[in-house]
Amino acid sequence: MNTEKKVINVSALEVKFGSDGDEFSDELRDLVLKLLDRNQTTRLGAKDDAQEILAHPVFTKEFIGEVNTK
């Protein structure tokens, strides 16, 4: 299978959070879905790059603190 065909296949997939997805917060699910938006003009980060992504509610001071301690 060539690379172009793989890209087409991946872009056609539907994002699903399985039964184990209950461990993800609503904010984290929202972030993932917005980052995987197929429309590159509405995808999170399309307008203001990383600043737009870091402004997402999932990136709270508590979250950043937890990441920094791991």
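The values are calculated or read from the model by the stated rules, or taken from the named source; none is laboratory data. Everything numeric in this text was worked out from a predicted model, so none of it was measured. Every residue, glycine among them, receives a Cβ derived from its backbone with ideal geometry; neighbour counts consider all protein chains shown. When the accessible area is computed, the model is the full protein with side chains, heavy atoms only, and any ligands, DNA or RNA have been set aside. Shrake-Rupley method; radii C 1.70, N 1.55, O 1.52, S 1.80 Å.
Looking only at residues of segment 47-70 that are of a type in the set (A, V, I, L, M, F, W, C) and closer than 23 Å to LYS16 by Cβ, we find that the one that is most open to solvent (accessible area, probe 1.4 Å) is ILE53.
For segment 15-41, the set of residues classified as open to solvent by less than 80 Å² (accessible area, probe 1.4 Å) and out of contact with any His (no Cβ under 6 Å at 6 or more places or on another chain) consists of VAL15, PHE17, GLY18, GLY21, SER25, LEU28, ARG29, ASP30, VAL32, LEU35, ASP37, ASN39, listed by residue number.
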